[in-house]
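The values are calculated or read from the model by the stated rules, or taken from the named source; none is laboratory data. Keep in mind it's a predicted model, so treat the numbers as computed, not measured. Please note: Cβ atoms are built from the backbone with ideal geometry, for glycine as well, and neighbour counts cover all protein chains shown. Just so you know, the surface numbers come from the protein's heavy atoms only, side chains and all, with ligands and any DNA or RNA stripped out. Shrake-Rupley method; radii C 1.70, N 1.55, O 1.52, S 1.80 Å.
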Amino acid sequence: MKELIVETSNREALDKLLQCFGGVVAEEPCDFNQYQVRSVNNNLDYIRFIIQKQGYAKIIREQEIN
């Protein structure tokens, strides 16, 4: 399974948006203004598309979940 690391200045707005589409944003940052984003329905490509088109965040990288 994979997750996205994204940079956002408004975690709450991003989380609210992504919850409508099957995504979640971690409560605590993994770095300054960077958060883990996961798909609850295992469709990370769709979550990536939403983030890119809505502009609430910048995708930093994709990584495997350990």
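In the chain, the portion of solvent-accessible area held by carbon and sulfur atoms comes to 44 percent [1.4 Å probe, whole percent, DNA, RNA and ligands not counted].
The simple spin-label model puts a point 7 Å past each Cα toward its Cβ; for E12 and E28 those points are separated by 2.0 nm. Taking the Cα centre of the chain as origin and assigning +1 to Lys and Arg Cβ atoms and -1 to Asp and Glu Cβ atoms, the resulting dipole is close to 260 debye. Think of a 1.4 Å ball rolled over the protein heavy atoms: the chain then has 66 Å² of accessible area per residue. Here the label points at N41 and Q54, each 7 Å from Cα along the C-beta direction, are separated by 1.4 nm in the simple model.
Between R61 and K2, the distance separating the two model label sites (each 7 Å from Cα on the Cα→Cβ line) works out to 1.3 nm. With θ taken as phi - 60° and the Karplus curve 6.51 cos²θ - 1.76 cosθ + 1.60 applied, the whole-hertz 3J(HN,Hα) list for region 14-19 is 5, 4, 4, 5, 5, 4 Hz, x standing for glycine and proline.
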